[in-house]
Every structure is written in structure tokens, then in C-alpha cells.
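What follows is a set of notes on a single structure, which appears directly below.
Every number in this text was worked out from the coordinates using simple rules, so none of it is lab data. Everything quoted here is computed from the prediction, not taken from an experiment. Don't worry about glycine lacking a Cβ; one is built from the backbone with ideal geometry, like all the others, and counts go over all protein chains shown.
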Amino acid sequence: MIRKTLIVACVLAQAALYAQPKCSNQTVQGSYATLCHGFIDLQAVNPSAPAGSFVPYGCLGRFTVNADGMVTASVTYNVAGTILTPAVTDAKITVNEDCTGELQYNIKMGSGAAVAETHKVIVAENGESMSSVPLSKSPSICTTQRVGPNLVKPVPVVEETSEQAAKKK
């Protein structure tokens, strides 16, 4: 009886262990497409704008994460109808074992100075997707999906036989 109890306890403990998500920077290694929307302080784009002048924005981009968490990014913003392609530098993501983390980067939009940004990140689906919110005073949300050649499944080409073509006539 004791032996059966120990075996059941070990199986349950092992199942619980595997049920817990385990993430690291390697989990998010790869290429992603991202979409953000919300509001941004116009002063980040135009230093002469009054502080606290929040305007709507949308962002579409692609970024790549290496095994060390270093990020390279290319993004396009629409800030209240003005299209911008800011410089993103010094980007790094840190992923915790519980699949939460932080993304830190510097971004320079328009004629403004580079601004340090930090996002809280949640990694889902074993790194296939992420969601984040900035810790700055710009209320917004970003969703991210892994992209790459391995995600596109080829469609098989089925050639019509002469018998099938004859049946259509």
C-alpha cells in the first residue's frame, strides 16, 4: 500500500511539474510580427508640444530575438495621422521562468530625444505569442506573433488526371 501511494504521489508531482510553464530567453528566440495601439504623449514626437498631449497611435513592426535576448527591430508608427519610422536601439528582452518578463529599448521618434521604454511581457504558447504593456504613461497594448518560414505549410499541388478532366466535360 505504501509503495502504491508513493508511486501515485511521484506521478502527481511529476505531472504538476510539467504543467508549470518554463520559459527563458531561448523560448522567444526567433522572429515576430507585432501590433501596438493606444495613446502616446505627443511630446515624445515633437518636443515643443505641451506635455500630456496624448494622441492615438498605432504601430506595426517586426523584430528578431537572439538566444541572449538581444532584439533587433523595425517598426512603423502612425501617430495622429503622421507616419514615423523611429530608430529602436539597445533592445533586450528578459524572460523569467514563469513566462513573464520585460522588454527594454530606446526609441527615437521625430525630432525628439531617444526615450527609454520598458514593457511588461507575458509569453504564451511556448513562445509562439507575446502580449505586453508599456510601463510609461502612454496607455497602450501590444500583441506579438511568431513569424517565419517554418510556420507556412506548403499547399500540395494536385494535378488533374486526364480521366478527371474528361469527367468534367
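Karplus-derived 3J(HN,Hα) values for segment 125-136, using 6.51 cos²θ - 1.76 cosθ + 1.60 with θ = phi - 60°, are 6, 6, x, 6, 8, 9, 10, 8, 9, x, 8, 6 Hz; glycine and proline are entered as x. In this structure, the amide hydrogen of S53, modeled 1.01 Å from its nitrogen in the peptide plane, lies closer than 5 angstrom to those of L42, Q43, counting only residues at least 5 positions away or on a different chain.
Among M70, M130, the order by Cβ neighbours within 10 angstrom, fewest to most, reads M70, M130. A cut-off of 5 Å between modelled amide H atoms, ignoring neighbours fewer than 5 places along the same chain, links V121 with G101, E102, L103.
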